[in-house]
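Peer 1: Before anything else, here's the structure in question.
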Amino acid sequence: MVCQALLHESSKCVPCSHKFCKACILRFKDCPLCGADIEGIEPDDELQALVDRFIDGHARIKRSHVAGTEEVTGDKNKVIYEDVSMERGAFLVRQAMRAFRAHNIESAKSRLSMCAEDIREELKSSQDNQELCSQLGAVLGMLGDCCRTLGDATSAITYYEESAEFLSKLPQNDLELVHTLSVSLNKIGDLRYYDGDLHSARSYYARSLDVRRTAVIEHSAVASQVIDVATSLAKVADVDRNLGNESVAVEGFEEAIKCLEKLKLGSEEASLEQRRLSVLDFLRKQLDDK
Ligand SMILES: [Zn+2]
Ligand SMILES: [Zn+2]
């Protein structure tokens with residue numbers, strides 16, 4: 001599959017001359033457009049320069065200002081592309097997600113890095129802008145995902161930590177924010193866990209649990225939040241068990257089971273019910289094993 005996002009490292013198939021991102025076309029033996037055998041792939045610098053100019057001029061939040069010229073259009077934060085008009089940052093993020101889904105991770109990373117850079121620049125003049133902080137936190141989390149997929153755990157952790165730092169500054173009354181923050185913390189925990197640093201993993205899982213517990217106090221009726229708390233309890237308990245703190249671990253698993261047993265879901269919430277049952281099943285097995 002090719003990414004259908006803005007071209008990244010534009011490349012031309014020889015001999016048919018159809019153009020794709022380098023990472024996208026490298027996976028094919030025949031051209032996905034015309035079916036011709038690909039005998040070689042050549043960089044198309046001219047086309048890439050055009051794409052880059054488009055991005056700089058239209059897709060980035062901040063236009064490169066020429067000294068003395070001020071933007072006069074009231075619409076400078078919007079980009080119009082095909083039939084869609086949206087915030088410039090959001091446009092780049094959407095391009096990045098498209099590339100990410102098609103496994104063109106370098107392309108996604110490059111778009112997200114620009115976006116992060118632009119938001120940081122905007123933040124300089126409005127430091128307390130919560131909307132920008134929340135956007136930056138989300139973009140940094142996605143950059144972490146890119147690095148993790150590329151096998152660069154160290155950079156991934158750096159991005160996730162920074163993401164968590166920005167998101168922690170915000171009032172935790174928005175569930176989407178709670179989700180992004182707690183997931184970023186869990187991802188750091190996972191990477192520490194795989195690295196064998198259980199104490200560090202536990203501290204991140206515990207922070208994620210805290211964020212979710214706090215959120216569930218205000219949103220006790222939101223079933224997905226309750227399931228998230230139970231999942232976090234299980235993560236912490238699992239590390240506790242591996243650290244040899246069996247009684248603490250058992251308490252954690254039991255608390256998680258109680259949360260989920262109390263949770264009653266309506267018939268219209270079938271997929272959540274499935275999640276509830278599968279987590280519950282996992283938790284009960286943890287206690288049966290002993
Ligand atoms: Zn592509
Ligand atoms: Zn072709």
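Peer 1: With Ala237, Ala230, Ala256 as the choices, which residue is touching a residue at least 40 places away in the same chain (Cβ under 8 Å), more than 25 Å from the chain's Cα centre (by Cα) and surrounded by 14 or more Cβ atoms within 10 Å (Cβ to Cβ)? Spell out how you get there, then give the answer.
Peer 2: Numbers: Ala230 fails: more than 25 Å from the chain's Cα centre (by Cα); Ala256 fails: touching a residue at least 40 places away in the same chain (Cβ under 8 Å).
On inspection, the qualifying residue turns out to be Ala237.
Peer 1: A further question follows. Determine which member of the set Arg111, Arg88 is away from ligand 1 (no atom under 16 Å from the Cβ) and of a type in the set (Lys, Arg).
Peer 2: Working: Arg111 fails: away from ligand 1 (no atom under 16 Å from the Cβ).
Every option except Arg88 fails the conditions.
Peer 1: Can you find a residue in the range 196-203 that is free of Cβ contacts under 8 Å to residues at least 40 places away in the same chain, in a helix (DSSP H, G or I) and outside the structural domain of Val248 (by TED's automatic domain parsing)?
Peer 2: no
Peer 1: Provide a single number: the residues in the range 29-46 that are touching a residue at least 12 places away in the same chain (Cβ under 8 Å) and either within 9 Å of ligand 1 (Cβ to nearest atom) or open to solvent by 40 Å² or more (accessible area, probe 1.4 Å) (or both).
Peer 2: Matching residues across the range 29-46 total 8.
Peer 1: Could you go through the range 239-251 and let me know if any residue there is of a type in the set (S, T, N, Q), at pLDDT 95 or above and not in a helix (DSSP H, G or I).
Peer 2: Checked against the condition, which is being of a type in the set (S, T, N, Q), at pLDDT 95 or above and not in a helix (DSSP H, G or I), the range 239-251 yields at least one hit.
The values are calculated or read from the model by the stated rules, or taken from the named source; none is laboratory data. Just so it is clear, the model here is predicted, and its values are computed rather than measured. For neighbour counting, all protein chains shown are included, and Cβ atoms are generated from backbone atoms with ideal geometry for every residue, glycine included. When the accessible area is computed, the model is the full protein with side chains, heavy atoms only, and any ligands, DNA or RNA have been set aside. Shrake-Rupley method; radii C 1.70, N 1.55, O 1.52, S 1.80 Å.
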